[in-house]
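I have placed the structure first, in the form of structure tokens, so that the comments after it can refer back to it.
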Amino acid sequence: MATSTAAPYSDLIIGAAPPNRRRDMIDVRDPSTGKVLHSVPDGTVEDGLAAVAAAAAAFGPWRATSARERAEILRRCWELMVARRDEIAALISAENGKTLADARAEADYAAEFFRWYAEEAVRAAGHLGTSPGGTNNILVSYQPIGVAVLVTPWNFPAAMATRKIAPALAAGCAVVLKPAAETPLTSYLIARLCKEAGVPDGVINVVTTSGSGPVVRAMLHDDRVRALSFTGSTEVGRVLLREAADTVLKSSMELGGNAPFIVLDDADPDDAVEGLMVAKMRNGGQACTAANRVYVHRSLVEEVSGRLADRFARLVVGPGTDPATECGPLINPRAVAKVAALVESAVAAGARVLTGGERPDREGAFYAPTVLVDVPAHADIVREEIFGPVASIIAFDTDDEVVRAANDTHLGLAAYVYTSDLRRGLRMADELEAGMVAVNRGLVSDPAAPFGGVKQSGLGREGGAEGMREFMESKYIATSW
Ligand code: NAD
């Protein structure tokens, strides 16, 4: 049983056990100190199924509301998130460790999904056609799929939740959210704000658990559940796709990335370094879209790597909640050990450390911002998701060579290209095997755009008009008149 140190979070926890029932709890820790911030209920299979039952009961009345009614509630969710932005950001920063600037940006991005889907809710139009042979009319409408299970990671505890909740609710679905055990408090706060905004009881349910495997499996095998929306690692995504096969669930998968960041010979080095600071260092490198492999044209390697190393060396490392911090901790000591091992093996394979390459001498899950050059193409750090503040720079000579290298991975989420020739950049964007390409930008995410990956980076899209379709099914009616 955990000790609870931060009473202010207690009123966030909804669906907790009644006071007369003893239950296990999960410790939520501050990654910059390892100290327990708070504890939340450790949900069981029974809790998961109770949440499914609550969602199933709420689904009928919720789908019966008008699209306009749902839109107005979603709009109020956006307004409340905007009004409480600093509180949300402080909570994200406390449990995830990211800087306050990153946490505020996440709170804004997360809120925006409610505004976007408030606008989309009323536009789920179907269509009317005639069969080519003229025998009948074809009426197509879109209907909410039903109860959806949403499983989210710790790296964007607010945005990954709202990117699923908002389109699901807009479509008329009820949901069970299973957040990561590392960052459950933000999910509870969002669920609380949605309730205040008018979302009826049972439409959003939060189940926190340290036993994700059995709890999620039980929910996916329950016939009342009709969709799974998962964001997390490709490894867990594969497991859940297998589970979802048993009940033939509509599944949407936002999985891992291994984004190439390509600086062509005609790029402005200042712009490229600026973009790289965002693409690499947002959340201290813990983003699925993070630049994982930095391909720089040989003629610019010295200049770009030198400037980047200078910027990295000057970053203020510290607890995310300290306003002066520019690079917070990683999520936990396991993540630090993984990043350290990737750097060590890259160095053993021939990479040179320009800055960083070590754990700072302080408590907490920290790793120093690191720039590596001369990284061999076969190094593990080039093949695996780093998820930390390490930029691996690899030199290249021709456009064809860099496209081949960039596509030489089973993942395909995001990619970045810097060039002063937009035509060349767009041509390369076409050739890159990625669901999203940023040309002369370090940030690709936008609530109005379809976010998602190709190859083993995922199935389906979130955001944009596409995001709502993940929670709907078409109904075709054949008739003649
Ligand atoms: P993870 O796959 O370990 O966990 C994600 C979620 O799945 C968590 O809620 C976790 O508790 C749950 N989970 C873990 N094992 C499970 C199981 N056997 N059954 C059911 N649920 C299970 O990922 P993470 O470490 O939380 O997040 C980092 C990963 O997420 C990275 O690979 C990153 O690229 C990816 N990610 C992808 C996107 C995207 O949009 N494509 C966005 C953010 C993060």
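The values are calculated or read from the model by the stated rules, or taken from the named source; none is laboratory data. Remember, it's a predicted structure, so these values are computed and weren't measured experimentally. Using ideal geometry, Cβ is built from the backbone for each residue, glycine included, and neighbour counts are taken over all protein chains shown. For accessibility, only protein heavy atoms count, side chains too; no ligands or nucleic acids. Shrake-Rupley method; radii C 1.70, N 1.55, O 1.52, S 1.80 Å.
For A415, list long-range residues whose amide hydrogen, built 1.01 Å from N in the peptide plane, is under 5 Å from its own amide hydrogen.
Here M436, V437, A438 satisfy the definition.
Using a cut-off of 25 Å between alpha-carbon atoms, which lysines can reach K98, once sequence neighbours fewer than 8 places away in the same chain are excluded?
In chain and number order, the partners are K35, K164, K178, K280, K338.
Which residues does the label zone of E235 cover in the range 204-221, counting backbone N under 20 Å from a point 7 Å along Cα→Cβ?
209-217
If I take all pairs of Cα atoms in the range 263-329, what percentage of them are more than 13 Å from each other?
Cα-Cα pairs of the range 263-329 separated by over 13 Å account for 66 percent.
The range 105-134 to the range 51-76: how many Å between their Cα centroids?
That distance is 16 Å.
Label-point separation (nm) for T398 and H221, each offset 7 Å from Cα along Cα-to-Cβ?
Going from the T398 label point to the H221 one covers 5.5 nm.
Regarding the range 313-419, what whole-number volume in Å³ per residue does the convex hull of its Cα atoms give?
With only Cα atoms used, the range 313-419 gives 133 Å³ per residue.
Given H placed on each backbone N at 1.01 Å, which residues far from M472 in sequence or on other chains put an amide H within less than 5 Å of it?
Under 5 Å from the amide H of M472 lie the amide H atoms of I145, each far enough along the sequence or on another chain.
What is the set of long-range amide H partners of T208 at a cut-off below 5 Å, with H atoms built 1.01 Å from backbone N?
G43
Residue by residue, what Karplus-based ³J(HN,Hα) values in Hz, rounded to whole numbers, does the range 124-141 have, using 6.51, -1.76 and 1.60 with θ = phi - 60° and x for Gly and Pro?
7, 6, x, 8, 10, x, 10, 5, x, x, x, 7, 7, 8, 10, 9, 10, 10
Using a 1.4 Å probe, how large is the accessible area of D421, given in Å² and rounded to the nearest 10?
About 60 Å², ignoring ligands and nucleic acids.
Where the only charges are on Cβ atoms (+1 Lys, Arg; -1 Asp, Glu), what is the dipole of the range 259-446 about its Cα centre, to the nearest 20 debye?
Here the range 259-446 has a charge dipole of around 520 debye.
For the range 342-391, what size does the Cα cloud have along each of its three principal axes, sorted from largest down, in whole Å?
Extents along the principal axes: 33, 20, 15 Å.
Can you list, bin by bin at 5 Å, the percent of alpha carbon pairs in the range 318-360, starting at 0?
For the range 318-360, the pair-distance distribution reads 5, 20, 23, 21, 17, 9, 4, 1.
So for the range 403-455, what are the equivalent ellipsoid semi-axes in whole Å, largest first, each being the square root of 5 times an eigenvalue of the Cα gyration tensor?
One finds semi-axes of 17, 16, 8 Å for the range 403-455.
Where the centroid of each part is defined by its Cα atoms, how far is the range 327-347 from the range 352-411 in Å?
Using only Cα atoms to place each centre, the spacing works out to 12 Å.
When the convex hull of the C-alpha atoms of the range 30-176 is computed, what volume per residue in Å³ does it have? Don't jump to the answer; show the numbers that get you there.
On the way: hull volume 21.2 nm³, N = 147.
Value for the range 30-176: 144 Å³ per residue.
Which whole number of Å³ per residue matches the convex hull of the alpha-carbon atoms in the range 94-238?
Normalising the Cα hull of the range 94-238 by residue number yields 155 Å³.
What percentages, rounded to whole numbers, describe P(r) for the range 65-110 computed over all alpha carbon pairs with 5 Å bin width beginning at zero?
That works out to 6, 24, 23, 16, 12, 9, 7, 3, in percent per bin.
Would you kindly derive the ³J(HN,Hα) couplings of the range 212-227 from the backbone phi angles with the Karplus curve 6.51 cos²θ - 1.76 cosθ + 1.60 (θ = phi - 60°), listing them in order in whole Hz, with x for Gly and Pro?
Ordered by residue, 3J(HN,Hα) equals 3, x, x, 5, 5, 4, 4, 5, 5, 8, 7, 4, 6, 8, 10, 8 Hz.
Using DSSP, restrict attention to beta bridges with both residues in the chain and report what percent are antiparallel, rounded to the nearest 5.
Looking only at bridges with both residues in the chain, the antiparallel portion is about 40 percent.
Find the Cα radius of gyration of the chain, compare it with 2.2 N^0.38 Å by division, and give the number to two decimals.
My calculation over the Cα atoms of the chain gives 1.00.
Compute the Rg to Rh ratio over the range 236-365 from the alpha carbon atoms, using the Kirkwood formula for Rh, and round to two decimal places.
1.04
How far is helix 234-246 tilted off the main Cα axis of the chain, in degrees rounded to 10, range 0 to 90?
Tilt of helix 234-246: around 20 degrees.
In the calculated pair distance distribution of the range 259-446, what percentage of Cα-Cα distances lie above 30 Å? Don't skip to the end; give the middle numbers.
Numbers: 2214 of 17578 pairs.
Cα-Cα pairs in the range 259-446 separated by more than 30 Å: 13 percent.
Once you keep just the Cα pairs under 8 angstrom separated by 6 or more residues, what percentage relative contact order results for the chain?
Answer for the chain is 18 percent.
How large is ³J(HN,Hα), in whole Hz, for each residue of the range 451-456 in order, when computed from phi with the Karplus curve 6.51 cos²θ - 1.76 cosθ + 1.60 and θ = phi - 60°, using x for Gly and Pro?
9, x, x, 9, 6, 8
Taking a virtual spin label 7 Å from the Cα of A83 along the C-beta vector, which residues in the range 167-194 bring their backbone nitrogen under 17 Å of it?
Correct set: 189-194.
Averaging over all projection directions, find the projected area of the Cα convex hull of the range 335-481 and quote it in nm² with one decimal place.
For the range 335-481, averaging the hull's shadow over all directions gives 13.5 nm².
Could you tell me how many degrees, from 0 to 90 and to the nearest 10, lie between the Cα long axis of helix 422-431 and the main elongation axis, the longest principal axis, of the Cα atoms of the chain?
60
Against the longest principal axis of the chain, how steep is helix 269-281, in degrees 0 to 90 to the nearest 10, with axes from Cα atoms?
The angle comes out near 50 degrees.
How big is the dipole moment of the chain about its Cα centre under a simple scheme where the beta carbon of each Lys and Arg is +1, that of each Asp and Glu is -1, and everything else is neutral? Debye, nearest 20, please.
Result for the chain is approximately 1400 debye, rounded to the nearest 20.
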